[in-house]
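Engineer: Let me begin by handing over the structure; questions about it come next.
The values are calculated or read from the model by the stated rules, or taken from the named source; none is laboratory data. Quick caveat, the model's predicted, so the values are computed rather than measured. Using ideal geometry, Cβ is built from the backbone for each residue, glycine included, and neighbour counts are taken over all protein chains shown.
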Amino acid sequence: MDTSATEQSPKVTLLADYEQPAYLVDEALLQFDLDSAKTRVVSTLTMRKNPQGPEADCILDGEALTLVSLKLDGKKLEGNQFQRTTSQLLIPNLPDKFELEIITEIEPDQNTALEGLYYSGSILCTQCEAEGFRRITYYPDRPDVMSVFTVTIVADREKWPVMLSNGNMEDQGVFDDGRHWVRWHDPHPKPSYLFALVAGDLHVQQDSFTTQSGREVALRIYVDPENKHKCDHALTSLKQAMKWDEDTYGREYDLDVFMIVAVNDFNMGAMENKGLNIFNAACVLATPETATDDDFYTIQSIVAHEYFHNWSGNRVTCRDWFQLSLKEGFTVMRDQSFSADLNSAAVQRIDDVNGLRSMQFAEDAGPMAHPVRPDSYIEISNFYTVTIYEKGAEVVRMINTLVGDEEFRKGTDLYFDRHDGQAVTTDDFVKAIEDANAVDLSQFKRWYEQAGTPELTIDTNYDPIEHRFTLTVTQACPATPGQATKQPFHIPLAVGLLDKSGTSLDMQLEDEAEPHHGDTRILSVTEASQTFEFINVSSEPLASVLRGFSAPVKLKYDLSNHQLAFLMVNDKDSFNRWDAGQKLIINILLELVADIQQNNPLVLSSLLVNQFERILTDKKLDPALIAKMLTLPTENYLAAQMTTPDVDAIHQAREFLKRNIAVSLKGLFNQTYEKLSVKKAYDFNADDMAMRSLKNVCLSYLVASGDPLQLQRCLRQMKQADNMTELLAGLRLMVDQSGLERENALRSFYEQWKQDRQVVDKWLAVQAASTLPDTLIRVKGLMKHEAFSIKNPNNVRALIGMFCRNNPVHFHAKDGSGYRFLAEQILVLDKLNPQVAARMLGALNSWRRYDEQRQQLMKQALESIAEQQDLSADVYEIVTKYLA
Ligand code: ARG
Ligand code: ZN
């Protein structure tokens, strides 16, 4: 019999199969005898039958565990009294109430998957979401089982002076034999995925925060001693987040201490374990010398994100993993509005939409497309996606837009109040908003159920005699795997009308008695095709639609390049100003691509140069916005706009445009650069960040102009920089220049920073993104460098991830070398860390969109992976869905 097929087909989990747990855990007492080679876990669970649950045996999850002993109400269970498989422990014939004692052994230093308890550098730490707790002990490892945890940790005092877990520290002591112990208690019932434990020789930086009701909370950041100078920004961000959540959502912190730990080996960004957040060091540590403005910005938002989970995720959690976006979408939406409030709201929106359109739209158009609330999965780790997070955030944002700010707040108050301490669903979330405001969101819920990016077509007509302006909106959504047809979505469409001078016109729909004043109004689109008639429109308007990107849709709205240029300088909505500019640039670049393909001579658009000049000299415009508006779309984003991407022509067109804009406006770039080059100490604030970003954009154009003197200026900026933002901007430009200066710049950068992991990752990433022809050879060489370890996810993402995702010209090399390289690395990684391996596959998401030859090569790469025996469920699921 051929067993390989069954071995190769891991189990599919379906939302439709959801059942309540048969048994509940009221209390979990855990005792850890810690050691990096062998850790012993004694788990004592107070359990009872779930009155609402099905009649079923008690099943505990467990993976890669050595079972030492099992006791039921104090009596040892013999091997014939329970059943054990590689992933479960089944105990039949249990009473209604009982106590289980389970002793297991685990090997943290053998754990390269970084799930469960593992060893990172010299720190022992955990990652349990989604299903890592089952690698620590046998347990009903599902989010709807919530329990009160008490954790005792015993370990050698010298080696593990700091020992942390969730909640408040209750007691500690010392044994005679050189070991010590500590006991933590978390009064808030929680699912196992929020459990955490950390031990190590850690430096702690302390602060405190007084909550709105006067509770004093100790704030502590734990880091390797070598990183003790890198905690300030995270602590400031944490206090900002705590205050913001009180002011904006009325949410207060609920323990005596809030702890953050930084570790070097981490699969994702960070984790919101109750009271003990664990962070990827790259997402929390920063000084101006080692972190860029973008890093500062990201750290502020991730610290806030994890903190916000204390309510949206921990106090109210998910019933099952299909509801992941309940906590992630909502929490991303919260961290985005936090960042918008603290920094520039316009820039925040542009960055969020840019990310969504370049990553999530591609996911929605590819073989892994899934709804915000998926209905099946093989490996849940594969569903920590941009759809769950970023599209999920857009969905919550649309609810806010449709009901209004005050109403949304009423809804979230009811949600937190009604479901505090519960494990709930996205339906429960929507119901709370509906109940608090007497609104009907039933059609809106399709956003949770239907995958794919809706396409919105806009047609307009002006009747100069009747003074009527007609706006027709048609929506359609392409088929996605498992969903052939779609029902119309409920779409909030933000619109404004501009007259010839750029002034806003009043908007009065034909059934309204009064016109709507104000620049923007929200139209509620619910039908496949819908017409809005505006009356009393005195002159022919230009409609600015989807302002602020009010819905995650693709817009088909045919505007001429002149109309786009008009909106680029006149729109009242900053997002749409930027977006009109981007559309204009894309139109021009795609024409250049066509010219390249037909061997036509390339000409620079004077319209674009004029608009760039106007933007660059606009004294009223925020320099951060100017920088965004002058930034050309990425090659990947351009590829997504073509039916069949032509990577080489795209690269050539973009280089042509950049160089020629640079040459035309060299004086202006030069002047702006010099004006922004005033020496002042680094500070992280919106104004200074804006200046640095515009300065760096100017430098990139100056270097693109091809003038060799500008390279000297770039080197000078690097030499004089007192911060990583300016240093790295210079290095990025240098790596695309072949020659000795490049090699010197890279070498001295490494010499200066080789002790700093965060900076070394930047050094790797910069080289992986180089456009020089020998980049893949260099990447392979760097994999043997002392700075690189394939076991460290940040190293892998910086080098292999950067090359495969952000170096399209070389990754998509015609000879298939980039694809083969990726396939080889995935097979190596899959044995070590399946989550990281599966992530890397994302680089092939759009493989079917490419030309015949490249498709064939990418298919071969995918097949070489699919052919392997013993693939992880993670890689198996993605590779089979890609090939399906
Ligand atoms: N819940 C974390 C967050 O805040 C993500 C952690 C998930 N980790 C994982 N290995 N699946 O987004
Ligand atoms: Zn999250």
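Engineer: I'd like to know if region 100-123 contains one or more residues that are of a type outside the set (S, T, N, Q), within 16 Å of ligand 2 (Cβ to nearest atom) and in a loop (DSSP other than H, G, I, E, B).
Structural biologist: no
Engineer: Taking Asn561 and the conditions (1) buried (at least 23 other Cβ atoms within 10 Å of the Cβ); (2) in contact with a helix residue (DSSP H, G or I) (Cβ under 7 Å, 6 or more places away or on another chain), which numbered condition does it fall short on, given that it satisfies the others?
Structural biologist: For Asn561, the exception is condition (1).
Engineer: Something else about it: Six or more apart or on different chains, Cβ under 6 Å: which pairs go from a residue in region 161-189 that's in a loop (DSSP other than H, G, I, E, B) to one that's of a type in the set (D, E, K, R) and buried (at least 19 other Cβ atoms within 10 Å of the Cβ)? Could you list them?
Structural biologist: Within 6 Å, the pairs are Asn166/Asp186; Asn166/Lys274; Gly167/Asp186.
To keep it simple, each residue is scored yes or no on (1) part of a loop (DSSP other than H, G, I, E, B); (2) touching a residue at least 24 places away in the same chain (Cβ under 8 Å).
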residue: Lys486; (1), (2): yes, yes
residue: Phe489; (1), (2): yes, yes
residue: Ala494; (1), (2): no, yes
residue: Leu497; (1), (2): no, yes
residue: Lys500; (1), (2): yes, yes
residue: Asp511; (1), (2): yes, no
residue: Glu514; (1), (2): yes, no
residue: Asp519; (1), (2): yes, yes
residue: Ser524; (1), (2): no, yes
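Engineer: Please specify each residue of region 700-720 satisfying the condition of being free of Cβ contacts under 8 Å to residues at least 12 places away in the same chain and surrounded by 19 or more Cβ atoms within 10 Å (Cβ to Cβ).
Structural biologist: Once the filter is applied, which keeps residues that are free of Cβ contacts under 8 Å to residues at least 12 places away in the same chain and surrounded by 19 or more Cβ atoms within 10 Å (Cβ to Cβ), region 700-720 yields only Gln710.
Engineer: Can we say Ala262 is away from ligand 1 (no atom under 13 Å from the Cβ), farther than 24 Å from Trp184 by Cβ and touching a Leu at 6+ places or on another chain (Cβ under 8 Å)?
Structural biologist: Criteria not met by Ala262.
Engineer: Let me ask you something else. Scan region 248-262 and give yes if some residue there is within 28 Å of Arg409 (Cβ to Cβ) and part of a helix (DSSP H, G or I), otherwise no.
Structural biologist: Looking through region 248-262, at least one residue is within 28 Å of Arg409 (Cβ to Cβ) and part of a helix (DSSP H, G or I).
Engineer: Scan region 527-546 and report the pairs whose first residue is small (Gly, Ala, Ser) and whose second residue is in a loop (DSSP other than H, G, I, E, B) and buried (at least 17 other Cβ atoms within 10 Å of the Cβ), with Cβ atoms within less than 6 Å and a gap of 6+ or a chain change.
Structural biologist: Ala528/Pro488; Ser544/Asp571
Engineer: Now for a different question. Within the group Glu863, Glu852, Glu824, Glu877, which residue is modelled with pLDDT of 95 or more and either within 25 Å of Glu63 (Cα to Cα) or aromatic (Phe, Trp, Tyr) (or both)?
Structural biologist: Step by step, each of Glu863, Glu852, Glu824, Glu877 is checked, and only Glu877 is modelled with pLDDT of 95 or more and either within 25 Å of Glu63 (Cα to Cα) or aromatic (Phe, Trp, Tyr) (or both).
Engineer: Please go through region 374-396 and pick out each residue that is more than 16 Å from ligand 2 (Cβ to nearest atom) and closer than 29 Å to Asn437 by Cβ.
Structural biologist: Listed by number, the residues that qualify are Pro374, Asp375.
Engineer: Additional query: If you take the residues of region 480-525 that are in contact with a Gly (Cβ under 9 Å, 6 or more places away or on another chain) and among the polar types (S, T, N, Q), which of them is nearest to Asn536 (Cα to Cα)?
Structural biologist: Per the criteria, the residue is Ser504.
Engineer: Out of the residues in region 265-295 meeting the condition of being assigned to a strand (DSSP E or B) and touching a helix residue (DSSP H, G or I) at 6+ places or on another chain (Cβ under 6 Å), tell me which one is farthest from ligand 2 (Cβ to nearest atom).
Structural biologist: Selected residue: Asn277.
Engineer: Exactly one condition in (1) hydroxyl-bearing (Ser, Thr, Tyr); (2) touching a Phe, Trp or Tyr at 6+ places or on another chain (Cβ under 8 Å); (3) buried (at least 16 other Cβ atoms within 10 Å of the Cβ) is not met by Thr644; state its number.
Structural biologist: (3)
Engineer: Of all the strands (runs of 3 or more DSSP E) wholly in region 529-573, which have at least 1 residues that are among the aliphatic types (A, V, I, L, M)?
Structural biologist: Ranges flagged: 542-545, 554-556.
To keep it simple, each residue is scored yes or no on (1) more than 14 Å from ligand 1 (Cβ to nearest atom); (2) in a helix (DSSP H, G or I); (3) surrounded by fewer than 23 Cβ atoms within 10 Å (Cβ to Cβ); (4) without any contact (Cβ under 8 Å) to a residue 60 or more places away in the chain.
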site	(1), (2), (3), (4)
Phe322	yes, yes, no, no
Lys327	no, yes, no, yes
Arg334	no, yes, no, no
Ser337	yes, yes, yes, no
Arg357	yes, yes, yes, no
Gly366	yes, no, yes, no
Ile388	no, yes, no, no
Glu394	yes, yes, no, no
Arg397	yes, yes, no, no
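Engineer: When only residues in region 505-537 that are out of contact with any Leu (no Cβ under 7 Å at 6 or more places or on another chain) and within 18 Å of Asn570 (Cβ to Cβ) count, which is surrounded by the fewest Cβ atoms within 10 Å (Cβ to Cβ)?
Structural biologist: Going through the qualifying residues, I end up with Gly518.
Engineer: Looking only at region 124-140, count how many residues are part of a strand (DSSP E or B) and more than 16 Å from ligand 2 (Cβ to nearest atom).
Structural biologist: 4
Engineer: Continuing with this model, one more query. Only one of (1) in contact (Cβ under 8 Å) with a residue 40 or more places away in the chain; (2) surrounded by fewer than 22 Cβ atoms within 10 Å (Cβ to Cβ); (3) within 10 Å of ligand 1 (Cβ to nearest atom) fails for Met271. Which number is that?
Structural biologist: For Met271, the failing item is (2).
Engineer: Restricting the search to region 447-472, which residues are under 26 Å from Pro515 (Cβ atoms) and touching a Pro at 6+ places or on another chain (Cβ under 9 Å)?
Structural biologist: Answer for region 447-472, where residues must be under 26 Å from Pro515 (Cβ atoms) and touching a Pro at 6+ places or on another chain (Cβ under 9 Å): Thr460, Tyr462, Phe469.
Engineer: When region 500-539 is examined, which residues are found to be touching a Pro at 6+ places or on another chain (Cβ under 6 Å) and more than 15 Å from Thr472 (Cα to Cα)?
Structural biologist: Residues satisfying the conditions are Leu505, Asp506, Gln508.
Engineer: While we're here: Kindly provide the set of residues from region 765-796 that are over 15 Å from Ala813 (Cα atoms) and in contact (Cβ under 8 Å) with a residue 40 or more places away in the chain, ordered by number.
Structural biologist: Across region 765-796, the qualifying residues are Lys780, Ile790, Lys791, Asn792, Pro793, Asn794, Val796.
Engineer: Quick check on my filter: what residues within region 238-259 are farther than 21 Å from Lys190 by Cβ and among the charged types (D, E, K, R)?
Structural biologist: Those that are farther than 21 Å from Lys190 by Cβ and among the charged types (D, E, K, R): Lys239, Lys243, Glu246, Asp247.
Engineer: Another question about this same structure. Taking the criterion of being polar (S, T, N, Q), modelled with pLDDT under 95 and under 31 Å from the mean Cα position of the chain (by Cα), would at least one residue in region 633-656 satisfy it?
Structural biologist: Within region 633-656, none of the residues are polar (S, T, N, Q), modelled with pLDDT under 95 and under 31 Å from the mean Cα position of the chain (by Cα).
Engineer: Does Thr298 count as free of Cβ contacts under 8 Å to residues at least 60 places away in the same chain and either part of a helix (DSSP H, G or I) or more than 12 Å from ligand 2 (Cβ to nearest atom) (or both)?
Structural biologist: Against the criterion (free of Cβ contacts under 8 Å to residues at least 60 places away in the same chain and either part of a helix (DSSP H, G or I) or more than 12 Å from ligand 2 (Cβ to nearest atom) (or both)), Thr298 qualifies.
Engineer: Within region 301-320, take every residue that is part of a loop (DSSP other than H, G, I, E, B) and more than 8 Å from ligand 2 (Cβ to nearest atom) and give me the one that is farthest from Gly250 (Cα to Cα).
Structural biologist: Asp320
For every residue, the table says whether it meets (1) acidic (Asp, Glu); (2) touching a Leu at 6+ places or on another chain (Cβ under 8 Å).
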{"position": "Arg157", "(1), (2)": "no, no"}
{"position": "Met169", "(1), (2)": "no, no"}
{"position": "Phe175", "(1), (2)": "no, no"}
{"position": "Trp181", "(1), (2)": "no, no"}
{"position": "Trp184", "(1), (2)": "no, yes"}
{"position": "Lys190", "(1), (2)": "no, no"}
{"position": "Leu194", "(1), (2)": "no, no"}
{"position": "Asp201", "(1), (2)": "yes, no"}
